[in-house]
Every structure is written in structure tokens, then in C-alpha cells.
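Enquirer: Before I ask anything, here is the structure I am working with.
The values are calculated or read from the model by the stated rules, or taken from the named source; none is laboratory data. Small disclaimer: the values here were computed from a predicted structure and weren't measured. Note that each Cβ is placed from the backbone with ideal geometry, even for glycine, and that neighbours are counted across all protein chains shown. Keep in mind that these areas ignore ligands, DNA and RNA; they rest on the heavy atoms of the full protein, side chains included. Shrake-Rupley method; radii C 1.70, N 1.55, O 1.52, S 1.80 Å.
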Amino acid sequence: MAAYVKPLPEIEWPMAREFWAGCKRHELLLQQCQDCGKFRWYPQPMCPHCHSMNVKWTRSNGSGKVYSYVITRRAFGEAWHGDVPFTIAVVELDDVPGVRLMANVVRCNPDDVSIGMTVEVVFDDVTDDVTLPRFAPSNKVR
Amino acid sequence: MKTSKSADLRDKCAIVGIGETNYSKNSGRSNLALGLEAALKAIEDAGLTVKDIDGIVPGFIGPTVKQYASNLGIDQQIKFTVNPSIGGASQGAGIQAAAAAIYAGIATNVLCVFAFNGASSRGRISRTDRMVNPGMSATYRRDFELPYGFKIPAQWFALICKRHMHEFGTTSRQLGAVAVTLRKHASLNDKARYRTPISIEDHQNSPMIVDPFHLLDFSMETDGGAAVLVTSSERARNARHRPVYIMGIGEGHYFADDVVNKPDFFGTGHREAAHRAFAMAGVTTRDIDVAEIYDGFTFHVISHLEEIGFCKRGEGGPFVEEGHIGLDGDLPTTTHGGCLSHAHLSGMSHIVEAVRQTRGEAGRAQVKDAEIVLVNTEGNVGDATVIILRR
């Protein structure tokens, strides 16, 4: 397998270590306040609603809808030369109110992506240590 | 002690000096040299000397307070410094802080300066081989966005624009109307970098870079520097030019640095910044004669006009297409051509143009009877300031 040359997340960053560990197990986990139950993303130590520092990581089933997206047609950096044109989307998750995730839409021609399209998370084991969540159209996952 | 309210600040301070370097793709000079040139010009324009400066507000990038103070030889007389770090909104936030300090009697003449080799330097924002936005949010960029190829400001705003098009029917041709109008304004400005008129077809035919943004939706980074000098309205009476009073000023924030998760996807700090500025000024959008709207991208103009309240959210596209923003329209906008066609100085050049319009010194782009002029600054998607100036 060719070496993965694109930037990788820092999977040991304490605030999100559980997220990346979940991804490696092919589970999508998100921060949920232990006290008031509200979800939040991006991960941060304090709940902005009730100010509790007690957090847990709760699994999402990874289904959602494309909220918005861009198609990058010109590579910004060597690492993406082979990928253009590619899609970056913001996806609203069905079972995690208020949370949106950013990821590429894969298994789909960029010109076929649309706002409102239903997608499911797919896990891409890009290296031995790092798995990235991405999204694919629902009919390309089952 | 009397409790003060923000409206107390209305008309208490004025901008009395402006200075600019030339704008280019490669200045051949350091950020500091650019900043010092702009500073000296602003001081001279105010009819003051370097010895009169007792406050410094540097840019959020570029030279530091220490560098300006050292080179101007005025360390020991500096009573006030502030260095906001809210991206481009820092320009306006710095002027707000300067006005408050002057009103409180802490400082008398405050130099606010921005200088940066945005086009030629290794530190420029659009560099694609490294991360944008140092600071706390760098981790979010690095871990949750960059791995997917999301790295430059154009992508942030293209993402918001795409949803705007979906919800409100905003079109690429409407973005083109912004590009065409601002280029027309720039063609009247000798310092503008791009002056050849363009058409909507030119805009549509320019290459698609980050769908939905064409090349002509992007501003071009610039090497240059600009400065303004703020003082009390009382002292402004002795200035060389007619004073430009700060009638109202406000700062606002909305989920800055978070393009993905903010509840209101189109929300920015402009709504609150405008509310606060208009409350201090005691006027409404209907009283504004000229709007120097920040334009890092064409879409910014639509977004900012909506969020500041010149039109309803979602109506910005038709608003710009119908010609309201031209020099002959009812809200002449970004009269120097902006970041898109004049120069990208993270908003400082818009503040300078706002002062010129209010003074009646904007040359061929001068709006007749411009009495109340608004200028906004934007940073990190969600940070904003709005300044209302008057004759």
C-alpha cells in the first residue's frame, strides 16, 4: 500500500483521544455532557450550556444528511494532487441533535453530491494507527 | 461615580490622520518598513509630530508595539497599547479600545497601524503548505478539517455560500455583480491593484477554484501598510483636515473559528456589532450614505450587508444585483474597490477609504454629500466590528 501523504490528526491530543480510539474501532463517538445530556462538537472541556466538566463519549449510528459542501477543484498542496476534484461536506447527524461533522463524501461523483442527501459514516483505515471517518451515500453503504 | 454607558462614547473621538503605502505584489521591504511609512504619513496628515503619539495599536499580524515604539523612539511616552487578536476584526476592535482609552483620559493620540507583506511573504494567509489560524483553534483545523483537505479561508466561505444558495437562491451571477461593481470602483482609484473593468461573463468564465467560488470571487493578497490616528474630538479641532467623528462603534462575536458547528450557519458577529454601533450612534441603516464593506470574497459583501441589516437575510443577492451598491446606487459600497480589486489589508484600507469619503477627499469615487459612513471589519468568520463615522 502506498504511503499516506495527507495530513493526519494528532490522535493523542487528550481532548479527542476517545474520538480517535472510537474511529479505530469503527465507532463514531461524540462528546455528551454527563450532567445535562447535551452533545457538543468540536470537543472542549466544559459544557457551554451547564458548565459541567463531566463528559462522556456516546456512540452515534453515523447516519445523516449533507448540510453543505464544497468541491475543491484545484489542489491546495501536493498531497491532494491526485484527488481533485473532491468534496468536503458538513453533515448533520440524525441521532445527535445540533452536531455537525466535516468529512469528505466518498463513493460518489462530486457532481452528484447534493444538500439534503442522506449519507452514512464509513471508516477509512488510512494508516496502522489512524482511522478517519468519512461519509458515503446511504445506498452505497448497505 | 456616574455609571457610564456605551452611548457616552458617541462623537467623543475622531480620526484625524490617515496614511497608506503603495499596494503591490512585492513591496521589496519589510512589514516594519511598510508600517513605519504608513505611521509617519498618518501622523503628518493629522498635523502632529511623532512626539505627540502616546498610544499604539499594532495589527494582529505584522510588526509589534515594541518595534513601532523603538523605531519611532517613543517608548517612554507610550501610555496605552492594545493588541486584539480576532483576525481582521482586530482593526476595528483596536479603534474601539483606543477611543475608550482616549475618552477615559488614559491616552491622547493613538496610532492604529496595519502592515503586512500579504502577497510576497512566507507568512501570508493563503499559503497552502501550512495551517491557517494559529492559536487555540489550530487543533480543530489540524485534526478535524485539514485531514479532509479543508485548509484555506476560501473553503470556509464557499461552504457557507453554498448553503446560502440552497436556502435563499443566491446565484453565482450575483456574486459576479459584486466583483464587477467593485472592479468598477477600483478603476477610478489610482492606488488600486486591479483596474481593468470586468463583466459578469468574465466572472463566470474565470476558473472554478472551490465550487461555488470562481477565481474572480477571490481577493488577492497584497503587500502594504495603512494607519489611522485617533484623538479626542476636542483636540481634533486643531487637526489639519476636517475631523471624522466616531459616531458609533461596536464589536460582536458568533462562534468564531467554527464553520462547522455554529447553530446559525449564517451567523457572524456582525449582527451584534451593528446593533451596538447603531445604538451608540443613535442612527439606523437608513442614515448611512456610504458603506465600506469588507470583501475578502465576493460573498462577504452579500453576507455583511444582510447581517449588518441593510437588507434582510437572504436578500443580499438581489440587493447587489439590482445596483444598490454602485456609486450611483442608494448605498455606494466599498468605493475604493476593496480587497477584491484595490488592496487586501485585512480591513484597514476600508477604514482609510471611509475616512476619505467622510472628509470629501475620495476623488473620482467621492459620493456626493457623504455625511455618515459605515465601515466593518471581519475576522475568523465570526468576529466583527462595525464603525459609524460622521462629518
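Enquirer: Kindly provide the trypsin sites (Lys or Arg not before Pro) of the stretch B:1-102 that DSSP labels as loop, not H, G, I, E or B, and whose Cβ sees at most 10 other Cβ atoms within 10 Å.
Expert: On the way: sites: B:2, B:5, B:10, B:12, B:25, B:29, B:41, B:51, B:66, B:79; in loops: B:2, B:5, B:10, B:12, B:25, B:29, B:79.
Counting only loop positions with at most 10 other Cβ atoms within 10 Å, the trypsin sites (Lys or Arg not before Pro) in the stretch B:1-102 are B:2, B:5.
Enquirer: Net charge near residue B:328, counting Lys/Arg +1 and Asp/Glu -1 over other residues with Cβ under 11 Å of its Cβ?
Expert: On the way: positive: B:184, B:368; negative: B:330.
Charge balance in the 11 Å sphere: +1.
Enquirer: Which value in Å does the Kirkwood hydrodynamic radius of the stretch B:250-382 take, with 1/r averaged over all unlike C-alpha pairs and then inverted? Let's see the in-between values first.
Expert: Values: mean 1/r = 0.0671 Å⁻¹.
Hydrodynamic radius (Kirkwood, Cα pairs) of the stretch B:250-382 is 14.9 Å.
Enquirer: Let me ask you something else. So which GluC sites (Glu not before Pro) in the stretch B:345-391 are both in a DSSP loop and have at most 13 other Cβ atoms within 10 Å of their Cβ? Can you show the working numbers first?
Expert: Details: sites: B:353, B:361, B:371, B:378; in loops: B:361, B:371.
Those that pass, being in a loop and sparsely packed, are B:361.
Enquirer: While we're here: Given a Förster radius of 30 Å and the C-beta distance between residue B:70 and residue B:4 as r, what FRET efficiency does 1/(1 + (r/R0)^6) yield to the nearest 0.05? All intermediate terms of the calculation are to be shown ahead of the outcome.
Expert: Numbers: r = 35 Å, r/R0 = 1.16.
It comes to 0.30.
Enquirer: Right, here's the next one. All other residues with a Cβ under 14 Å from the Cβ of residue B:187 taken together, and with Lys, Arg as +1 and Asp, Glu as -1, what is their net charge? Mind showing how you got there, number by number?
Expert: Details: positive: B:183, B:184, B:191, B:193, B:195, B:364; negative: B:190, B:202.
Local charge sum for residue B:187: +4.
Enquirer: Work out, in µm²/s and without decimals, the Stokes-Einstein translational diffusion coefficient of the stretch B:164-226 at 25 °C, 0.890 mPa s, Rh from Kirkwood over C-alpha pairs. Intermediate results must be reported in sequence, preceding the final value.
Expert: On the way: Rh = 12.7 Å.
Approximately 193 µm²/s, per Stokes-Einstein.
Enquirer: With a sphere of radius 12 Å drawn around the Cβ of residue A:11, what net charge do the other residues whose Cβ falls strictly inside it have (Lys, Arg +1; Asp, Glu -1)?
Expert: -3
Enquirer: Greater than 27 Å separation of Cα atoms is the criterion. Which listed pairs, B:12/B:184; B:5/B:79; B:41/B:79; B:79/B:191, meet it?
Expert: Working: B:12/B:184 35 Å; B:5/B:79 24 Å; B:41/B:79 22 Å; B:79/B:191 34 Å.
The answer is B:12/B:184; B:79/B:191.
Enquirer: Let me ask another. Based on the inverse mean of 1/r over its pairs of different Cα atoms, what is the Kirkwood hydrodynamic radius of the stretch B:1-45, in Å?
Expert: Details: mean 1/r = 0.0750 Å⁻¹.
After inverting the pairwise mean of 1/r, the radius is 13.3 Å.
Enquirer: Another question, if that's okay. For the stretch B:142-193, report the accessible area per residue in Å² (1.4 Å probe, heavy atoms, rounded to an integer). Don't skip to the answer; put the middle values down first.
Expert: On the way: 1440 Å² over 52 residues.
Accessible area per residue: 28 Å².
Enquirer: I would also like to ask the following. Which order do B:280, A:117 take when ranked by solvent-accessible area (1.4 Å probe, heavy atoms of all protein chains), largest first?
Expert: Numbers: B:280 5, A:117 25 Å².
I get A:117, B:280, largest accessible area first.
Enquirer: Short version: what are the Cα gyration tensor semi-axes of the stretch A:53-124, square root of 5 times each eigenvalue, largest first, in whole Å? Let's see the in-between values first.
Expert: Working: eigenvalues 130, 44, 21 Å².
Semi-axes (√(5λ), whole Å): 26, 15, 10.
Enquirer: Quick one: putting +1 on the C-beta of Lys and Arg, -1 on the C-beta of Asp and Glu, what dipole do you get for chain A around its Cα centre, in Debye to the nearest 20? It would help to have the intermediate numbers written out before the result.
Expert: Working: 16 positive and 17 negative charges, 57 e Å.
So the dipole magnitude of chain A works out to roughly 280 debye.
Enquirer: Using a 1.4 Å probe and ignoring any ligands, DNA or RNA, find the accessible area of residue B:70 and quote it in Å² to the nearest 10.
Expert: Solvent-accessible area, nearest 10 Å²: 60 Å².
Enquirer: A further question follows. With each run of n ≥ 4 DSSP H residues scored as -39500 (n - 2.57), what mean residue ellipticity at 222 nm is computed for the protein assembly as shown after dividing by its residue count and rounding to the nearest 500 deg cm²/dmol? Don't jump to the answer; show the numbers that get you there.
Expert: On the way: 14 runs with 138 residues, N = 533.
One gets -7500 deg cm²/dmol as the mean residue ellipticity at 222 nm.
Enquirer: Anything losing 40 Å² or more of accessible area from the isolated chain to the full protein assembly: pick those residues out of the stretch B:191-211, probe 1.4 Å, ligands and DNA/RNA ignored.
Expert: Buried on complex formation: B:209, B:211.
Enquirer: Turning to a different aspect of this structure: Mind jotting down the distance between the C-alpha centroids of the stretch B:38-101 and the stretch B:373-391, whole Å?
Expert: 18
Enquirer: Sticking with this one: Return the inverse of the average 1/r over all pairs of distinct C-alpha atoms in the protein assembly as shown, which is the Kirkwood hydrodynamic radius, in Å to one decimal. Walk me through the numbers before you get to the answer.
Expert: On the way: mean 1/r = 0.0416 Å⁻¹.
About 24.0 Å for the protein assembly as shown.
Enquirer: With a 1.4 Å probe, what is the total accessible area buried between chains B and A, in Å² rounded to the nearest 100?
Expert: Protein heavy atoms only, the B-A interface buries about 3300 Å².
Enquirer: While we're here: Which lysines, if any, have their Cα less than 22 Å from the Cα of residue A:65, not counting same-chain residues under 8 positions apart?
Expert: A:38, A:140, B:162, B:262
Enquirer: I want to verify the translational diffusion coefficient of chain B in µm²/s; compute it with Stokes-Einstein, Rh as the Kirkwood radius over Cα pairs, at 4 °C and 1.567 mPa s.
Expert: Numbers: Rh = 20.6 Å.
The diffusion coefficient I find is 63 µm²/s.
Enquirer: Looking at the protein assembly as shown, which Cys residues are left with no other cysteine's beta carbon under 4.7 Å from theirs?
Expert: So far as the 4.7 Å Cβ criterion goes, A:23, A:108, B:13, B:112, B:161, B:311, B:339 stand without a partner in the protein assembly as shown.
Enquirer: Using the heavy atoms of the protein chains and a 1.4 angstrom probe, tell me the accessible area per residue for the stretch B:199-326 in square angstrom. Write out the running numbers ahead of the final one.
Expert: Values: 4390 Å² over 128 residues.
Averaged over the residues of the stretch B:199-326, the accessible area is 34 Å².
Enquirer: While we're on this one: Given contacts defined as C-alpha pairs under 8 Å and at least six residues apart, what's the relative contact order of chain B, whole-number percent?
Expert: Working: 953 pairs, mean separation 95.7, N = 391.
After rounding, I find 24 percent.
Enquirer: Could you compute how fast chain A diffuses translationally, taking Rh as the Kirkwood radius over C-alpha pairs and applying Stokes-Einstein at 37 °C with viscosity 0.692 mPa s? Give it in µm² per second. Display every interim value, and only then the final one.
Expert: Values: Rh = 16.1 Å.
Estimated via Stokes-Einstein, D reaches 204 µm²/s.
Enquirer: Show which aspartates and glutamates lie in cross-link reach of residue B:25 when reach means a straight Cα distance below 12 angstrom and same-chain residues fewer than eight apart are skipped.
Expert: B:221, B:223
Enquirer: Can I ask one more? Let me know the whole percent of all Cα-Cα pairs from the stretch B:156-302 that are separated by more than 29 Å.
Expert: Cα-Cα pairs of the stretch B:156-302 separated by over 29 Å account for 32 percent.
Enquirer: A follow-up question, please. Could you tell me the relative contact order of the stretch B:17-171? Use alpha-carbon pairs under 8 Å, at least six residues apart, and round to a whole percent. Write out the running numbers ahead of the final one.
Expert: Values: 193 pairs, mean separation 34.7, N = 155.
That works out to 22 percent.
Enquirer: Measure off, as a whole percent, the carbon and sulfur share of the 1.4 Å-probe accessible area of the protein assembly as shown, all protein chains present. Show your work: numbers first, answer last.
Expert: Working: 10200 of 20800 Å².
The value for the protein assembly as shown is 49 percent carbon and sulfur by accessible area.
Enquirer: What is the distance in Å between the Cα centroid of the stretch B:258-281 and that of the stretch B:323-359?
Expert: Centre-to-centre (Cα) distance: 21 Å.
Enquirer: Also: Determine the dipole magnitude for the protein assembly as shown: charges of +1 sit on the beta-carbon of Lys and Arg, -1 on that of Asp and Glu, nothing else is charged, the reference point is the Cα centre, and the result goes in debye to the nearest 20. Before the final figure, lay out each step's value.
Expert: Working: 57 positive and 60 negative charges, 142 e Å.
Using only the charged Cβ atoms, the result is roughly 680 debye.
Enquirer: Which whole-angstrom value gives the distance between the alpha carbon centres of the stretch A:107-142 and the stretch A:51-86?
Expert: Using only Cα atoms to place each centre, the spacing works out to 10 Å.
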